[in-house]
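The values are calculated or read from the model by the stated rules, or taken from the named source; none is laboratory data. Since the structure is predicted, the reported quantities are computational estimates derived from the model, not experimental observations. Glycine gets a Cβ as well: all are built from the backbone with ideal geometry, and neighbour counts include every protein chain shown. Ligands, DNA and RNA are stripped out before the accessible areas are found, and what is left, the full protein with its side chains, is counted by its heavy atoms. Shrake-Rupley method; radii C 1.70, N 1.55, O 1.52, S 1.80 Å.
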Amino acid sequence: MNIATVIVDVPTLGTDKEFDYLIPEKWKGIIERGMRVAVPFGPRTIQGFVTGLKSNSPYKDKLKELKEPLDLTPVLNKELLELGEWLATDTLSFKISCFQAMLPAAMKAKYEKRFLRINMEDNPFLDDLFGGKTEITWKKAEERNILPALHAEIKLGNAEVVYDVKSLARKKMIKVYETMMDNEEMLTLLNSLPANASNQKMILEYVLKQQSAQYTAKELTDAGAPQSSIHGLVKKGVFTEKNEEVYRDPFEHKQFDRTAPFLLTNEQREVITPILDTIESKKYETFLLYGVTGSGKTEIYLQSIQKVLDKGQEAIVLVPEISLTPQMVDRFKSRFGNDVAVLHSGLSIGEKYDEWRKVQRKEARVVVGARSAIFAPFENIGIIIIDEEHETSYKQEELPRYHARDVAIYRAKYHQCPVILGSATPALESFARAQKKVYHQLTLSKRMNNKSLPPVSIIDMREEMRDGNRSMFSRELHTKLADRLEKKEQTILFLNKRGHSSFMMCRDCGYVMQCPHCDISLTFHRYTNEMKCHYCGFNTFVPHTCPECSSNHIRYFGTGTQKVEEELYKVFPEARVVRMDVDTTGRKGAHEKLLEHFQSGKADILLGTQMIAKGLDFPNITLVGVLSADTMLHLPDFRASEKTFQLLTQVSGRAGRHELNGEVVIQTYTPEHYSIEYAGQQDYDRFYQQEMVMRKVGSYPPFYYLTLITISHEDLMKTVSTTEKITKYVQSRISDEAIILGPVASPIPRINNRYRYQCLIKYKHEPELKPTLHKVLEHYQQQFIKEGLTISIDVNPYMMM
DNA sequence: AGCACGCCGACT
DNA sequence: GTCGGCGTGCTC
């Protein structure tokens, strides 16, 4: 077993396989599967993952020795290594990308090159090149423009290039001072100190008072001790100084009050019983916990986790990124305290690394996090919970394009434990699986406080228009808003569109200002005063006259959050408005700040996009207004109705969650659409029935699986012809039962000057599809790189654009 | 990916 | 004749 098989950090098809390396004598028995290692690869040194150990290799004669391990213990266990392999085949990604997706970003290697001087003889030229030192970094050499000269010296044998693999990870170290002296000795010393050593005296008095075994540097400096006098005491032998690793704790300054489990309602007890049974009997099972908002799903999660912890096992809880709010974290931290690690994108690289290591060292047994937390390196998982399971953010849009739900089920089968998918508006696929008894459905139909859901009125904006109301607020919403302002109660206004206006059109010639690089109209942003492309980031000045016909009859159509904010101040000058969208929450912590501002009652109206639809639970909110329910409905996406229904149901759930009664107003131009009608009635079951009919007719999931191939290139003809060729090839390799749509232009036919064509494959059972797609990648790879084509294959896509 | 090798044009 | 352009192919 002196040979390690390694997956190297080069994400290409040609290198997506194991490379064999000799294990040097000194690392024998130390190198294990799942460790990161530095290996020579061609002329470079790069990072790799050890996937196995063996004693023979077909490359016997050309084996190189691996350089060194980068970890003391494996970072990927046996399960995660296998999961990585499976993920790579399942999503048609590279193994290395899969492994990297499982680890915190801090573990991704950083590469650095430097030149080493070999010839140490007297040589003024070399002295000059190396600036009198024995080495120089590549970057420095580049800046000084001496790369060619250094290369010449390498040829002469006077210098060489060294490749370093560096980890981004930094352990945070602090200085700790320990004392071995007893009180008596210390007192003697204290009295013998000269009068001018006031700081040292002060420290000794402090230590005598505190009586602890060790003190952090920070504690001593906080007590007023300068660095120099601490060192003075170290010299005198009072303290020994050492470096100790500390975790960066994102919740350092937060107090969590411990909560005890709540008494469950009858309904909750019925629901939790089968879950607890499954935990007890260590069986795999996926539960769909279908419960209206406020029905107490979280308490079910908490008590199930408690059971898992009691059995000495671990738990993973996934929460959508945007609802991973302090509120949510509090609920877990206050029940399980330090047993909880939190992983989400708001943390710094270092913080994420530390939280991850708490898990790896088994210092935390519950992980609460966004999508990637599904890879938490636990070894004895007792439950996996996915809250708001219908959220599309559980699908990663970059490589590897995995869905956290699929990974959860894979891991649960491996660990023989339950998965709980919780939602008030389950994904159609999930609900259908529950109907077919693939998942075990559990239903919570009552709200815990027995409050009925808030009444919803659906306003037909066409009628408002006919009656002469051209404002963006219907008469009913206007009256109710005024009423809430009067009563000092709070309102949430929801609009799924940021910016000011979605497009600009000339009323004389019909010219619409478009992005020169993408086939999409530019959005008007009031505050930055520019026209912006939301796809490639292009921006330009705001025209005062039409660029086409010079007319000044320019109008802005489509309403964004900025425009609503302006309008609110016009109609209700006394209202205090908080606007929350990507543009106002860009900075770290801005999100929490705005919410806190609203929660403390310093604002009357919270106006925002998607991000305010979830999780907010403020007692004073009694009105929810949806300004335009149909913005999403007409997108070219077969899930448009489902998304609309889910969003409307969720926003509605924000009103009247406590003592005060809530109301919901939904404004729309298509009140007759079933997703709006049923959302108004909060009737998931009827929506499900109707939507299933539509999916069946359109041959969409859950009746068919989908795979989307997108090809892009700067040249339109090239794009079309390549897509055609690939489509034909795929068609020839799979059965007639599969439906192939395309080649057709993508819904956004051009982004960043690249044309985009796609081919959508709908199928029920095609075992040959994945191998075929793999062949497509293999076959076209060289041509793709050579001709600048890009191909993306998305199995079970959520973004059809 | 990143680097070496190799085969053709514009110069000392 | 040589320096350097970037097309091709390999990395255990």
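Can you tell which of A:304, A:779, A:272 lies farthest toward the positive end of the dipole of chain A, using +1 and -1 charges on the Cβ of basic and acidic side chains (Lys, Arg; Asp, Glu)?
The residue sitting most towards the positive pole is A:779.
Taking R0 as 56 Å, what's the FRET efficiency between residue A:28 and residue A:269 from their Cβ-Cβ distance, rounded to 0.05?
Details: r = 56 Å, r/R0 = 1.01.
After rounding to 0.05, the efficiency reads 0.50.
Heavy atoms of the protein only, probe of 1.4 Å, neighbouring chains included. What is the accessible area of residue A:433 in Å², nearest 10?
For residue A:433, the solvent-accessible surface is approximately 80 Å².
Reachable lysines from residue A:209, Cα under 23 Å, same-chain residues fewer than 8 places away excluded?
Within reach: A:175, A:201, A:218, A:235, A:236, A:242.
Using a cut-off of 16 Å between alpha-carbon atoms, which aspartates and glutamates can reach residue A:593, once sequence neighbours fewer than 8 places away in the same chain are excluded?
Reachable aspartates and glutamates: A:581, A:583, A:604, A:617.
What fraction of the DSSP beta bridges in chain A is antiparallel, stated in percent and rounded to the nearest 5? Mind dumping the intermediate values first?
Details: 78 of 130 bridges.
Antiparallel bridges: around 60 percent, rounded to the nearest 5.
Grab the Cα-Cα distance for residue A:696 and residue A:62, subtract it from 0.36 nm times how many residues apart they are, and report the gain in nm with one decimal.
Numbers: separation 634, 0.36 × 634 = 228.24 nm, distance 5.71 nm.
Gain in length upon complete extension: 222.5 nm.
For residue A:155, give me every one of the lysines with a C-alpha distance below 26 angstrom, ignoring sequence neighbours fewer than eight places off in its own chain.
Within the straight-line cut-off, residue A:155 pairs with A:62, A:64, A:67, A:113, A:133, A:139, A:140.
With charges only on Cβ, +1 for K and R and -1 for D and E, what is the dipole size of region A:470-570 about its Cα centre, in debye, rounded to 20?
On the way: 14 positive and 11 negative charges, 60 e Å.
Here region A:470-570 has a charge dipole of around 280 debye.
Just reorder A:189, A:606 by solvent-accessible area, largest first, 1.4 Å probe, all chains present. Write down the numbers at each step before the final one.
Numbers: A:189 35, A:606 0 Å².
Ranking A:189, A:606 by accessible area, largest first, yields A:189, A:606.
Name the residue from A:493, A:527, A:516 whose Cα lies farthest towards the positive end of the charge dipole of region A:437-543, charges +1 on Cβ of Lys and Arg and -1 on Cβ of Asp and Glu.
Among A:493, A:527, A:516, the one farthest towards the positive end of the dipole of region A:437-543 is A:493.
Semi-axes, largest first, in whole Å: what does sqrt of 5 times each Cα gyration tensor eigenvalue give for chain A?
Values: eigenvalues 470, 301, 199 Å².
Result for chain A: semi-axes of 48, 39, 32 Å.
What does the accessible area of residue A:596 come to, in Å² to the nearest 10, when a probe of 1.4 Å is used?
120
Quick one: which residues, 5+ away or cross-chain, put their amide H under 5 Å from the amide H of residue A:420? H built at 1.01 Å from N.
Those qualifying (amide H under 5 Å, at least 5 residues apart or on another chain) are A:287, A:384, A:385, A:386.
Dipole of chain A, Cα-centred, from +1 at each Lys and Arg C-beta and -1 at each Asp and Glu C-beta, to the nearest 20 debye? Intermediate results must be reported in sequence, preceding the final value.
Working: 106 positive and 104 negative charges, 101 e Å.
Its charge dipole is roughly 480 debye.
If you keep only loop residues by DSSP, which chymotrypsin sites (Phe, Trp or Tyr not before Pro) in region A:1-68 have at most 13 other Cβ atoms within 10 Å of their Cβ?
Working: sites: A:19, A:21, A:27, A:41, A:49, A:59; in loops: A:59.
Passing sites in region A:1-68 are A:59.
Report D for region A:524-602 in µm² per second (integer): Stokes-Einstein, Kirkwood Rh on Cα pairs, 37 °C, 0.692 mPa s. Display every interim value, and only then the final one.
Values: Rh = 15.1 Å.
It diffuses with D of about 217 µm²/s by this estimate.
If I measure Cβ to Cβ between cysteines in chain A, which ones have no partner under 4.7 Å?
A:98, A:417, A:536, A:759
State the answer as a single residue: which of A:428, A:416, A:126 lies farthest towards the positive end of the charge dipole of chain A, with beta carbon charges of +1 for Lys and Arg and -1 for Asp and Glu, about the Cα centre.
So the residue furthest toward the plus end is A:126.
Using a 1.4 Å probe and ignoring any ligands, DNA or RNA, find the accessible area of residue A:20 and quote it in Å² to the nearest 10.
About 20 Å², rounded to the nearest 10.
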